[in-house]
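Notes follow the structure.
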Amino acid sequence: MKALNRMRGQWAGMCLGAFFLSGPFAFAEFPGQEKEPVDLTPEMVKQKAFEIDKFIAAALHAQGARPLDNATDEQFLRRVYLGIIGRIPNYDEAIAFLDDQDPEKRAKLIDELLDGPGYVSNMYNFWADVLRLKMKTGGNSRTNAIPYLNYVKQSIAQNKPYDIWVREMLTASGGGWQRSSKGAVGYFERDKGMPLDNMANTMQVFTGTRMECAQCHNHPSNDEIEQKDFFYMAAFTHGLKGPRDVNAYRMDSKERMEERRLYDNAPQQVRNMVQQLRYDIFDFGVKGGGQGVIPLPDDYQYRDADPGETVGAKTLFGKSVRNARAKPIDDGRELFAEWLTTSENPRFTKVIANRLWKKVMARGLFEPVDNLDEDPNISHPQLLAFLEKLMVQVNYDMKEFKRVLYNTRTFQFAANPEEVDIAAPYTFPGRMLTRMTAEQLWDSMLAATIPDPDERLGTNYLPFIQHRGRYVLVGEKDMYDLYEEAMALQGKELYDYVETLLKDMESDRGASEGEMMEMMSSQMADSGSAKGAVDDARWDGYSAALLRASELPSPAPPTHFLRKFGQSAREVIEGATTESDVTQILSLINGHVEDHIVGSSKAKVFQDMDSVELPEEKIDVAFLSILTRKPTADEMNMFVQNVNENGSAAYDDLVWTLYNTSEFMFVQ
Amino acid sequence: MFNKVDEWSRRNFMVNSARSFLGVSILPMLAKDADAAGSMQKTFVPKRPKAAKSVIFLNMNGGMSHLDTFDPKDKSDYMGETKPIQTNADDVRLGHWLPKMAEHGDKIVPVNSMSTLQGAHRQGQYMLHRSYAPRGTIVHPVLGSWVLRLSGKRNSTIPGFVHVGSRDGTSSSGYLGPKFAAVPVGSAGAGIEDSTLAGGVSESDFDRRLRLAESMNKRFKEQFDHKQVQGYENLYRDAIKLMKAEDLKAFDISAEPADVVAEYGPTRFGQGCLLARRLIEHDVRFVVVNMGGWDTHYDNFTRMEEQCAELDAGFSALLNDLDRRGLLDETVVALGTEFGRTPKIVPHHQDGRDHYPKAFTHVLAGGGIQGGQVYGRTNSTGEEVDDKPVSPQSFNATIAHALGLPLDLEIFSPTGRPFTVADGAKPLTSIF
């Protein structure tokens, strides 16, 4: 396997020279199917980081510019926490790092954070924005997408190599709630009924190719993409169905008539439940390998083909893969996934390397990160080539890739005081100032509100059966069991089953929080994925709503703090914004900060302040908890004076004030 | 909280807060705003003698089926379960799911010849609200932001542009900046959340805290003199102004009598329409009310029944109420969607309908528009536009025209690119 990995490395090297094979409809085996993440030694990490810094320094030098100084420990600490685990450090964490005398403490902290549960939470938010992860999937489906969302979390927790992860999603088959499908089928389910949109989204997210215009007409600004090309691509994944193809019966078939009769004669409650099963079980999932053929639309308007004509799959760029005979095949998705996810694909690696670069460095080497069509202005082409190579070398291990980037000096330069022109390429003389994302803000507030925020798991992602707003039959059967049972039944048997099920659910009083937590903890022990803990005494007395963004419903409800601050509604790719509006300010001055922090003596920041005696010490604690630094002399004087004048109310003022500073909101 | 303190101390508190926090008093600031509005007035000459003042834009998110709503046909194989019904205007017919709207046919103009190239939701919604196709290099402002930019607020104490319901990137002010962005209201009943002081916080507490925050911010601002940082500081000023605004009660739909609440329907959309009417009454310039759920790929007709019941109650009550209060003439009510749906029914999707950008329907009412007529025409199956095609840009130009805004006035983005309110499109002047 090692030899194979090395070979893959060389492959990529060749590819970078824009050398591509194009050949007939033929494939070698899936190379590297069984490959594992690669751990670089600390020396190798340093070496790679140094090489990256050389690219940045050379480009700055060529412009007669110099990078800023190294960030202070405080600045680094806050930045690296926000970058890797998506929140600021709390008081204990800040002290532990700032007091550490180890000269290698920065690299040490990077390693620690990458391996903690906060990393999974943060990267889940990241991918939820890109993949538009919703609890209930799109179109008209009322399906619960929980297994898919859990699959994404698990893939991050397992640090699944990116190429394998993408391939799994593109080729997964089975029911959403089928244990063996592991939830990966949710990728197609997300765009239920919209296979063309799904293809457009896939090409945009993973290859930076914008095809959505070509769904309906030739691309207006890119001559190379015609409407026909879009259908060539869409052919690969065409013809997918749900696990039980309820719509397959002909309108007048005997089965359909029988189904109709049973349905019409059933009591309303049973009908509703059958519909529910249709959405959640029978129609939720993917069957079919992709037909490799597709009919052109009825309104096809160009002369090179007829409306409705069937065309075979053909790749748009890179290595040519095609279904030239235009006869249905059963492995279109495998072919497509293989073409998409190898390092030979000229765009696949480029996009993820730049996407992760931006995640770490705040700005991409080209932007937007998912558009390579319009001749992107790449700020550092050689660096990008280096990063692509690095991605291949680490076998698409995203964590290892980021470990290198976090260890660069480029990441650790001081914050750039200049306002950056977002229309021009960036030279990276220092970290660009950015507003925290909605999730970073929420989770950072949480850090000073509850203890061990990364370990507290809620009930939103549990696979239990919901009925009338309660979790029922907990401990007896969950959605996975329901899938097995319902899929085995047809016709009258199903209706009888539903009737019994309804009775059982109705008579169940619903599970308590504690019971579910207990179930969950045993399940987690089984899966071995999440590092979180069941809700326990540590969080007694804290609102159940005080969970990390990744444990709240995805997306959060429209009026939630997260949405006010720009969390994506998860309808469009990267729909999150950091734009400001007045409702944000209101929740900072009157809402969330008051409700859960200043107004709550249980808030961690107040508990930490209570553990010291002197006003000066308390002020230090608040500053470290919220701004990750100690106060200046002037600031100390100001707040001590306020304590002298207003007594204990001054500590409420202090905490409120620190949250209402620009310094809290912006990442340096 | 404010009802506990008397008017004098309340105003005094706000003035003090604003002065201490921003280094200015709130009163001259207001005067300055009035000036700004005045100079704005000079930049445009109303094209019509009696220009409308406000807009309520009903956003049908997901792609509303035109055949089942405002452009019904007689071919039953295309219509499925939907039947055409006559309205109180001879020329206007609707799908039978909209019986209450049929009593207001004389107030509306279905624009049945809408057509666009945008067949995906995001792109379609983007075009619908911004009149430009999405590009990787710039974010265009939505129509409400344009309207604020070109004609200013009518009521300086509360927001001029409010977005009710889920917003999904359809409410951004783009390159015009946060000053012209919509203030979101998640659900109508919630009003603007957190717009009063938290319990236990007195005016003097609040004032003291603002002073402390201001001192803290000085240092940061010296270090990072950035627009976005400044933008946040300005928003604190806006937030304080909002908290003291007498007209904040516009956001409280619980003040409405029960029969009015009932008329609009107990739905998110219905209550959103009710809130929109209250806001318009208090001189808010532009209100978007979002209604989702129109993406009926599956089981179109079951969904139509649910969707249209919600739309029918809300839309008809809104027209009725505005008319009753004499506000319809000065308020443009527009209903738009990103595209229509395939007139051909998709049987293997439980009789669904897919995206159809080639021909679809929007609706206009009020604001000096002559209701009871239909603009444009599709063919007998609703698949082709036969007469007077209308682009989303033209539709937006028509709204801007009703407000008397200058359609050709160029506004420059920060990078120096020129844009106009509706990308140079012509308004449908014949319907006024």
Could you work out the helix-only [θ] at 222 nm for chain B, with each DSSP H run of four or more residues adding -39,500 (n - 2.57) and the total divided by the number of residues, to the nearest 500 deg cm²/dmol? -11500 deg cm²/dmol
Rounded to the nearest 20 debye, dipole of the stretch A:40-87 from Cβ charges on Lys, Arg, Asp, Glu: 160
By its C-alpha gyration tensor, with a ≥ b ≥ c as the square roots of the eigenvalues, how is the stretch B:64-168 shaped: rounded for a/c under 1.5, else prolate for a/b larger than b/c, else oblate? oblate
Using 17 Å as the cut-off for backbone N distance, which residues of the stretch A:102-116 belong to the label zone defined by a point 7 Å from the Cα of A:Asp452 along Cα→Cβ? A:116
Unit charges at the beta carbon, dipole of the stretch B:118-227: most positive-side option, B:Ser145, B:Met216, B:Gln118: B:Gln118
Starting from the 7 Å offset along Cα-to-Cβ, what nm value, one decimal, do you get for the label separation of B:Asp90 and A:Val38? 8.0
Expressed in angstrom and ordered largest first, the alpha-carbon extents of chain A along the principal axes are 86, 69, 47
Taking N as the number of residues in the stretch A:90-213, what is its Cα Rg relative to 2.2 N^0.38 Å? 1.33
Based on the Cβ-Cβ distance from A:Ser543 to A:Leu68, what FRET efficiency comes out when R0 is 56 Å, to the nearest 0.05? 0.85
Cα-projected label distance for B:Leu409 with A:Asp92, points at 7 Å along beta-carbon direction, nm: 5.9
Considering the stretch A:275-346, what Rg and Dmax in Å follow from its alpha-carbon atoms? 15.8, 45
Long-range amide H contacts for B:Ile108: which residues qualify at under 5 Å (H placed 1.01 Å from N, peptide plane, sequence gap of 5 or more or a different chain)? B:Gly372
So if R0 is 22 Å, what FRET efficiency would A:Asp330 and B:His348 give, r being the distance between their Cβ atoms, rounded to the nearest 0.05? 0.65
Here FRET efficiency (C-beta to C-beta, A:Glu104 to A:Gln158, R₀ 22 Å, nearest 0.05) is 0.20
If I histogram all Cα-Cα distances within chain B using bins 20 Å wide from 0, what percent of pairs lands in each bin? 25, 54, 19, 2
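Using the 2.2 N^0.38 Å rule of thumb for compact globular proteins, work out how the stretch B:153-227 stacks up: its C-alpha Rg over that value, please.
On the way: Rg = 16.4 Å, N = 75, 2.2 N^0.38 = 11.3 Å.
Scaled against compact globular proteins, the figure is 1.44.
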Once fully extended, how much extra length lies between B:Arg417 and B:Asp329, figured as 0.36 nm per residue of separation less the alpha-carbon to alpha-carbon distance? 28.1 nm
Over the whole of B:185-195, what's the average partner chain Cβ count within 10 Å per residue? Rounded to a whole number, please. 4
Summarise the partner chain shielding of A:574-581 as one whole number: the mean count of Cβ atoms from other chains within 10 Å of each residue's Cβ. 6
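By average Cβ neighbour count within 10 Å, what is the ranking of A:114-126, A:603-615, A:454-466 from highest down?
Taking the mean over residues of other Cβ atoms within 10 Å, the ranking is A:114-126, A:454-466, A:603-615.
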Cα centre as origin, Lys/Arg/Asp/Glu Cβ charges: the stretch A:96-174 dipole, Debye: 740
What residue among A:Leu82, A:Ala59, A:Ala71 has its Cα farthest toward the positive end of the dipole of the stretch A:40-100, where the charges are +1 on Lys, Arg and -1 on Asp, Glu, each on the Cβ? A:Ala59
Summarise the partner chain shielding of A:440-449 as one whole number: the mean count of Cβ atoms from other chains within 10 Å of each residue's Cβ. 0
Taking N as the number of residues in the stretch B:282-427, what value does Rg over Cα atoms divided by 2.2 N^0.38 Å take? 1.21
Of the options B:Val92, A:Leu433, A:Leu546, report the single residue whose Cα projects farthest towards the positive end of the charge dipole of the protein assembly as shown (beta-carbon charges: Lys, Arg +1; Asp, Glu -1). B:Val92
Separation in nanometres of the label points that stand 7 Å from Cα toward Cβ, at A:Asn460 and A:Asp496: 4.2
Please report the spacing between the Cα centers of the stretch A:148-179 and the stretch A:266-325 in Å, no decimals. 21
Residue separation times 0.36 nm, minus the C-alpha to C-alpha distance between A:Asp115 and A:Gln276: what's the value? 54.0 nm
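Values quoted throughout were computed directly from the atomic coordinates according to the rules given, and no laboratory measurement underlies them. The structure displayed is predicted, hence computed values, not measured ones. Please note: Cβ atoms are built from the backbone with ideal geometry, for glycine as well, and neighbour counts cover all protein chains shown.
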